[in-house]
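Here is the structure we will look at, set down as structure tokens.
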Amino acid sequence: MLAKIHSCGLFGIDGYMVEVEVDVCNGMPSFEIVGLPDNAVKESKERVRTAIRNSGFDFPVKRITVNLAPANTKKEGPAYDLPMAMGILVCTKAVKAESLNECILIGELSLDGSVRAVDGVLPMIYTAKEKGYKRCYVPAQNGEEAALVDGIEVIAISDISEMVNILNGEAEPSFVHVDIDKLFNIREESVYDFADVKGQENVKRAIEIAAAGMHNILMIGPPGSGKTMMAKRIPTILPKLSFEESIEITKIYSVSGLLRNKGTLITKRPFRSPHHTISGSAMVGGGRVPKPGEVSLAHNGVLFLDELPEFHRDVLEELRQPLEDGEIHISRVNGSMTYPARLMMAASMNPCPCGYYGYSDKCTCTPDKINRYMAKISGPLLDRIDIQVEAGPVNYKELDSSGAEERSKNIRQRVIAAHKIQLERYANENVRFNSQLSAAQIEKYCSLGYMERTILKNAFDTLNFSARAYHKLLKIARTIADLDGSENINVNHISEAIQLRNLDRKLLH
């Protein structure tokens, strides 16, 4: 007898439909799986056989062939255990075949017949809904994640026996529902606040501008100047996630297997801070079975690189493309995958290996040593960092000051207002923020008057900016104008933008 069960696989962060065909016939007892299965899928036959027996059902002593279609796409992971088991039970008439029409099944089986959670359920269910499926059966632990998709019935399954009873009409299915508004209204007070930062007004202003336009920012200064402290507070001034942004991030975390530790839905902007010993594949994604890297896990959030020159140079160079394009392309033998990577990169560094060059007579670094240290960061990478600001040492008077510093919630209100202006301005464009503008869009939305052009020309000639740096200046000036609520870019806006771009020319070179 032949049974056809519908399931879903993953390619990158997108799902694709898989038809699990199960044939049980007379012949020498065997259990074969075809359709380009990986080792995890090949091992399914032992889990399926044992789970069916331990659930109280008879396992057929016949020739069993399972085909995973399409056969030209490699199947990975244990998510096909449950559909295989149900296909065998349909062939043995333990389950009514018609009860599985327009349904998809996803789940890994334990040897006792219970159904375990799998990664990537959210993008799978999105794909199933788009293909017109009406109902899905998923592991109990993945129930709320799957229920984030509106328009498809979600039934969470604990074990094989429960599912058989539901399919045969002997038990009522329990549908899973999630209150999206309640998830977004759960407030978690951050322990970080810009009110804790004493002094460094110029850096806080630069961070506000960076957050308002989602620009990349580099802070350079001696140890103890508060660079890391301020970077950790950047998420506290960013606007809350929209539902669409939240779903994008949740898909990435679901595929990466990190969602189980984060809850049903990611409702806070990510803040990723990898160690400087990170490998290239861990940073941008990849591996034998490609997974999203840190740049994708920071999508719609902040990627913080502390002590930037300590990262391997080849790892830093791999950041060029995602910082420019907002996505990362990974090519492997089985195909090419694209992961989203629209993020705000914040980085910090010292001016020399000991950290005190230019700030204290304690510096013992030779010029050659300093040059080698700075050479770890290439010019093309610096060009992709919009804002470069100096964080000088904090004096005792600032630390001992009893004056109240501005709180994050006040800065956040200005950032939200600037974001709203940008979202309305670019409603008909394929961008959200000023940092994402293309050359043609810069020409359209960042027009300058005569005085502004004169100042920009003088800065371009004097500081030897590249064409990319020229466009970055215009984007930053546009963001500063948005913070001021100005429709036009004025002289003070372009002047401040230049001050935020000259650090790499003045100090690093």
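The values are calculated or read from the model by the stated rules, or taken from the named source; none is laboratory data. Values in this document were obtained by computation on a predicted structure and should not be read as measured data. Note that we place each Cβ from the backbone using ideal geometry, even for glycine, and neighbour counts take in every protein chain shown. The protein model used for the area step is the full one, side chains on, heavy atoms only, and it has no ligands, DNA or RNA in it. Shrake-Rupley method; radii C 1.70, N 1.55, O 1.52, S 1.80 Å.
Taking the stretch 18-46 as the range and being open to solvent by 40 Å² or more (accessible area, probe 1.4 Å) and within 24 Å of residue 288 (Cα to Cα) as the test, the residues that pass are 34, 36, 39, 42, 43, 45. The set of residues in the stretch 169-183 being in contact (Cβ under 8 Å) with a residue 60 or more places away in the chain and surrounded by fewer than 13 Cβ atoms within 10 Å (Cβ to Cβ) consists of 169 alone.
Just one residue in the set 307, 245, 294, 208 is charged (D, E, K, R) and more than 20 Å from residue 342 (Cα to Cα); that residue is 307.
Within the stretch 266-305, track down each residue that is β-branched (Val, Ile, Thr) and crowded, with 18+ Cβ neighbours inside 10 Å.
Quick first cut of the stretch 266-305, residues β-branched (Val, Ile, Thr) only: 266-267, 277-278, 284, 289, 295, 302.
Residues satisfying the conditions are 266, 267, 284, 295, 302.
Taken as a whole, the stretch 132-141 holds no residue that is surrounded by fewer than 18 Cβ atoms within 10 Å (Cβ to Cβ), touching a Lys or Arg at 6+ places or on another chain (Cβ under 9 Å) and not polar (S, T, N, Q). Given the structure, is residue 202 surrounded by fewer than 20 Cβ atoms within 10 Å (Cβ to Cβ), under 30 Å from residue 390 (Cβ atoms) and touching a strand residue (DSSP E or B) at 6+ places or on another chain (Cβ under 8 Å)? So residue 202 fits the description; yes.
To keep it simple, each residue is scored yes or no on (1) crowded, with 17+ Cβ neighbours inside 10 Å; (2) part of a helix (DSSP H, G or I); (3) at pLDDT below 90; (4) acidic (Asp, Glu).
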| position | (1), (2), (3), (4) |
| --- | --- |
| 451 | no, yes, no, no |
| 456 | yes, yes, yes, no |
| 460 | no, yes, yes, no |
| 478 | yes, yes, no, no |
| 481 | yes, yes, no, no |
| 495 | no, yes, no, no |
| 501 | yes, no, yes, no |
| 504 | yes, yes, yes, yes |
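Surrounded by 19 or more Cβ atoms within 10 Å (Cβ to Cβ) and modelled with pLDDT of 90 or more: is that true of residue 474 in this structure? When the stated conditions are applied, residue 474 passes them. Candidates are the residues of the stretch 184-193 that are of a type outside the set (S, T, N, Q) and touching a residue at least 12 places away in the same chain (Cβ under 8 Å); the one that is farthest from residue 58 (Cα to Cα) is 193.
No other residue among 178, 149, 191 is part of a loop (DSSP other than H, G, I, E, B), of a type in the set (Val, Ile, Thr), modelled with pLDDT of 90 or more and over 30 Å from residue 92 (Cβ atoms) apart from 149.
Between a first residue in the stretch 87-110 that is touching a residue at least 40 places away in the same chain (Cβ under 8 Å) and over 13 Å from residue 6 (Cβ atoms) and a second residue that is part of a loop (DSSP other than H, G, I, E, B) and not polar (S, T, N, Q), which pairs have beta carbons less than 6 Å apart while being 6 or more apart in sequence or on different chains? Qualifying pairs under 6 Å: 89/95; 91/1; 92/60; 94/57; 108/78; 108/118. Just the residues that are exposed (fewer than 12 other Cβ atoms within 10 Å of the Cβ), under 25 Å from the mean Cα position of the chain (by Cα) and either of a type in the set (Lys, Arg) or within 21 Å of residue 323 (Cα to Cα) (or both), please, taken from the stretch 399-442. Within the stretch 399-442, just 430 meets the criteria. Total residues in the stretch 69-126 satisfying the condition of being open to solvent by 10 Å² or more (accessible area, probe 1.4 Å), within 18 Å of residue 163 (Cα to Cα) and in a strand (DSSP E or B): the figure is 4. For residue 308, the conditions (1) at pLDDT below 85; (2) open to solvent by less than 20 Å² (accessible area, probe 1.4 Å); (3) more than 29 Å from residue 123 (Cα to Cα) all hold with the exception of (1).
Rundown of residues vs (1) in contact (Cβ under 8 Å) with a residue 24 or more places away in the chain; (2) closer than 22 Å to residue 90 by Cβ, yes/no style:
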residue: 112; (1), (2): yes, yes
residue: 117; (1), (2): yes, no
residue: 141; (1), (2): yes, no
residue: 144; (1), (2): yes, no
residue: 159; (1), (2): yes, yes
residue: 162; (1), (2): no, yes
residue: 167; (1), (2): yes, yes
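Condition check for residue 8 on (1) touching a residue at least 60 places away in the same chain (Cβ under 8 Å); (2) in a loop (DSSP other than H, G, I, E, B): one failure, at (2). Entry remark, the stretch 50-99: residues being in contact with a Phe, Trp or Tyr (Cβ under 9 Å, 6 or more places away or on another chain) and at pLDDT below 90 number 1 in total. Whether a residue is surrounded by 21 or more Cβ atoms within 10 Å (Cβ to Cβ), closer than 20 Å to residue 299 by Cβ and in contact with a helix residue (DSSP H, G or I) (Cβ under 7 Å, 6 or more places away or on another chain) was assessed, and residue 213 passes this test.
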